[in-house]
Amino acid sequence: MTRVLAIVHGPDVGPELFAEVLDEEGCEIVEWDIRLNGSPPVEIDAVLVFGGDQNVGEELQHPWLHEEYEALRLYVERGTALLGVCLGAQTLAHAFGGVVSRTETPLAGFYATELTEAGVADPVLGVLPPTFEAFNANEYRFTIPPGATELARGPVPQAFRFGERAWAVQFHPEIRRANVLTWFDGDSPRPVAEIAAELDEKLAGWQEHGRRLCRAFLAQA
């Protein structure tokens, strides 16, 4: 049985839709709140790193970020299949020399995104259409780390692969409606009603993309 580690940074930023796919594929999921538990286990078949309201550069407030950077470097060194989402993508970028900085305008909703030529050929991102609308919820962005391959572009860099088995996506392929709306409760760059209406219109199609992406990643594990 494939054992998949899900590194989380809070109660509302977990595997969500991906947990369903992992169960359907017969995987064992090990959820690890790195804020509470510290350095994650090394002996694992695949790793998913999810989002959070913390940011690269806030290591004084969140010293466990250092443990996350070191763990990500170790997983890549060992060749463990790895997928970072939103904050998980930013910590992976930072761990390998990318720059994480605040966006000019916070992103909240669906945004036009396109795969690069390398993205179309990629075994994970390549299961997505060449152009699509991706759900973003972020105030920070990453640059593509030195030596990494850019896989998707949008209003901010959207995806890259580092080496052969580590992927990062700024967008959220794992979302469910209820957990997303908690992110904007009391602090939203757009009216929450607008975000909810957009989710009602586009979420079902987006979740089909998310399921395909998750299965393609698991195939690499």
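Read the figures in this text as sums done on the coordinates, not as results from a lab. Note that the structure is a prediction, hence the values are computed from the model and not measured. Heads up, the Cβs are rebuilt from the backbone with ideal geometry, glycines too, and the neighbour counts pull from every protein chain shown.
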Practice task
Determine, yes or no, whether residue 103 is among the polar types (S, T, N, Q) and over 20 Å from residue 34 (Cα atoms).
Solution key: yes
Fill in the blank from the handout: Wholly inside region 1-51, strands (runs of 3 or more DSSP E) that include 3 or more residues that are charged (D, E, K, R) are 28-33
Problem - Restricting region 121-143 to residues that are surrounded by fewer than 18 Cβ atoms within 10 Å (Cβ to Cβ) and closer than 29 Å to residue 77 by Cα, the residue that is farthest from the chain's Cα centre (by Cα) - result: 121
Practice task
Could you identify the single residue in 93, 108, 118 that is in a helix (DSSP H, G or I) and more than 14 Å from the chain's Cα centre (by Cα)?
Solution key: 118
Practice task
Quick one: residue 174 ticks every box in (1) charged (D, E, K, R); (2) outside any strand (DSSP E or B); (3) surrounded by fewer than 18 Cβ atoms within 10 Å (Cβ to Cβ) except a single one, so which number is it?
Solution key: (3)
Practice task
Hey, could you check region 140-171 for residues that are part of a strand (DSSP E or B) and hydroxyl-bearing (Ser, Thr, Tyr) and say which is farthest from residue 128 (Cα to Cα)?
Solution key: 140
Problem - Answer from 49, 76 - the residue that is touching a strand residue (DSSP E or B) at 6+ places or on another chain (Cβ under 6 Å) and closer than 21 Å to residue 207 by Cβ - result: 49
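Conditions tested, residue by residue: (1) buried (at least 16 other Cβ atoms within 10 Å of the Cβ); (2) touching a residue at least 24 places away in the same chain (Cβ under 8 Å); (3) of a type in the set (D, E, K, R).
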{"site": "150", "(1), (2), (3)": "yes, yes, yes"}
{"site": "162", "(1), (2), (3)": "yes, yes, no"}
{"site": "186", "(1), (2), (3)": "no, no, no"}
{"site": "217", "(1), (2), (3)": "yes, yes, no"}
Exercise for the section: Only residues that are in contact (Cβ under 8 Å) with a residue 24 or more places away in the chain and either of a type in the set (D, E, K, R) or farther than 28 Å from residue 216 by Cα (or both): list them for region 34-53, please. Expected result: 35, 38, 45, 53
Fill in the blank from the handout: Counting only residues in region 75-89 that are in a strand (DSSP E or B) and in contact with an Asp or Glu (Cβ under 9 Å, 6 or more places away or on another chain), the one surrounded by the most Cβ atoms within 10 Å (Cβ to Cβ) is identified as 85
Problem - Enumeration of residues in region 177-187 that are within 16 Å of residue 54 (Cα to Cα) and part of a loop (DSSP other than H, G, I, E, B) - result: 184, 187
